[in-house]
Amino acid sequence: MTDDEPHPTTSSAEARFERWRGTVGFVLGPLGGVAVWLWPLPLAGPAHALAALVTWVVIFWITEPIPIPATALLAAAAAIVLGIGSAKEVFASFAHPIIFLFIGSFLLAEAMVLHGLDRRIAFWILARPWVGESPTRILFAMGALSAALSLWISNTATTAMLVPIAGGLLTALAAAQRRRSGRAVSPSDWRYSSALLLMVAYGASVGGLGTLIGTPPNLIGKGLIADQLGRDIGFVEWMGFGLPIVAVTLLGVFILLSLLYRPDTGSLFGVAAHLAEERAALGPWRPAEWNAAIAFGAAVSLWLLPAGLALVWGASAPITRWYDAHVSESVVALLAAGLLFVLPVDWSARRFTLSWEEAERIDWGTILLFGSGLALGELMFKTGLAEAIGQGASAALRVDGLWEITGFAIALGILLSELTSNTASATMVIPVVIAIAQAAGVSALPPALGACLGASFGFMLPISTPPNAIVYGSGLVPIGRMIRAGILLDVFGFFVLWGGLRLLCPLLGLV
């Protein structure tokens, strides 16, 4: 579920820009922190020191002169050295229950990808008769498949898995057309190639909004909302607003890409045969796939069970209250992930579904980043810095209505997601908008959700998200086409998020 893995492919121009950006940030970060430290701000000692520290951290997170998780660890240690918080207070955030939900869900996703369960699901869906060889239906199916997989595994893994499949479809189409026409054709000459790959990338980014574990900003939002607002959003409750937003946004992405980059042909001859060959090559289900499916199914069932208990026996029934108190989302994730280490693949060789060497591959950097973000967010409220920022921003921006602040939060989340990782964006923006809402005397829940969801809407540049970088690196998506589609989707996404929260939050009691 991480969205902060290294970008796999960059051009020489991008590499030069990244080097320049990192060099500038390496200098500006410490200078900015020292400048804020020396500035006579009307803040108490710890709040003033935290303001300087946060300035340095934000500059480093945006410019990335060193890895973002490394900045997160240094920030936590610096907060202790500067006397902003004690070691016990700061490091306690790294053992927050959400951390263990991260770990468990990452392990489940790793097993699905490792044993090819995701590819089997993908080929099964694409081989459905209703998809056929229609370019429009294949475009929609690839986007829907990308979004559906990204509900449960990282958007990076989803895109990395689907891009070769999309490339195989395009290669099969080129070969079929070459046989029919007798002349050489290349997928790079087709507008449809860009549409197909962008649909995969954007579908993966959009799909992560639908569940708590879909993308790290969701869990960051849940954690900060629970800690600062005392409101715990459950798995099913999140899906109540997440899935409708995913559906509307995905439909908009499909329509936009269909209009911008119309198919070059009326039928993708040869694609059905290619899919049949690929699916046959997978062979029968292997024990590791069954085990991964069992563990994943157990997790989803237990995450959804509280809603079923409340529906059948009522929210105040003893069994419902016992389950809520003893079987949280984090506990479910760990129990389901634990199955991967006890379900055997080869009992005689004592080989199980997941080994520890394989488990070590999960993205520990995002986990460390999240722990540091929780610590800094907690310190911002404890020292009074968040309140000061909220009051100052509220007066300067002249936005004091609930939905005005929510719109500002969404726009800020989207803007920052184009410049840095969505995890860092959410970590930076959510505490600020909570403080702004509290200073304005309105509910902070919709603005916090707006910032959280907006942080996943980076559609415009290859550096915005790993999915964008992956499809750009394929050579089939020119930068101009990505920017053109991305700008329109950023604007469209803003209105979908604002309208979706405006409609759904009151209905779900999230105001």
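The values are calculated or read from the model by the stated rules, or taken from the named source; none is laboratory data. What you see is a predicted model; the values in this text were computed from it and never measured. When we count neighbours, we look across all protein chains shown, and the Cβ atoms used for this are built from the backbone with ideal geometry, even at glycine.
Worth a mention:
- Residue that is crowded, with 22+ Cβ neighbours inside 10 Å, closer than 25 Å to V206 by Cα and not acidic (D, E), where the choices are L376, L369: L369
- Hits in the stretch 388-428 (condition: touching a residue at least 60 places away in the same chain (Cβ under 8 Å) and either in contact with a Lys or Arg (Cβ under 6 Å, 6 or more places away or on another chain) or more than 19 Å from L376 (Cβ to Cβ) (or both)): L402, W403, T406, G407, I410, A411, I414, E418
- Within the stretch 213-232, being of a type outside the set (G, A, S) and farther than 21 Å from L145 by Cβ holds for P216, P217, L219, I220, K222, L224, I225, D227, Q228, L229, R231, D232.
- Lone qualifier among V471, V496 - being closer than 29 Å to V442 by Cβ, of a type in the set (V, I, T) and not in a loop (DSSP other than H, G, I, E, B): V496
- Output for the stretch 442-461, where each listed residue is surrounded by fewer than 24 Cβ atoms within 10 Å (Cβ to Cβ) and modelled with pLDDT under 85: M460, L461
- Only listed residue being assigned to a helix (DSSP H, G or I), free of Cβ contacts under 8 Å to residues at least 60 places away in the same chain and under 30 Å from I483 (Cα atoms), chosen from A247, A325, A310, A298: A247
- Cβ-Cβ under 8 Å pairs, at least 6 apart or on other chains, the stretch 115-136 side closer than 17 Å to S258 by Cα, far side assigned to a helix (DSSP H, G or I): V131/I125; V131/R137; V131/I138; V131/A141; E133/V271; E133/A272; P135/Y192; T136/S258
- Matching residues, the stretch 353-387, being of a type in the set (A, V, I, L, M, F, W, C), in contact (Cβ under 8 Å) with a residue 40 or more places away in the chain and farther than 20 Å from M428 by Cα: L354, A359, I362
- Single residue of the stretch 316-345 satisfying the filter (among the hydroxyl-bearing types (S, T, Y) and over 26 Å from the mean Cα position of the chain (by Cα)) that is farthest from K222 (Cα to Cα): S316
- Filter pass, V471 being more than 20 Å from the chain's Cα centre (by Cα), over 29 Å from L41 (Cα atoms) and surrounded by 23 or more Cβ atoms within 10 Å (Cβ to Cβ): no
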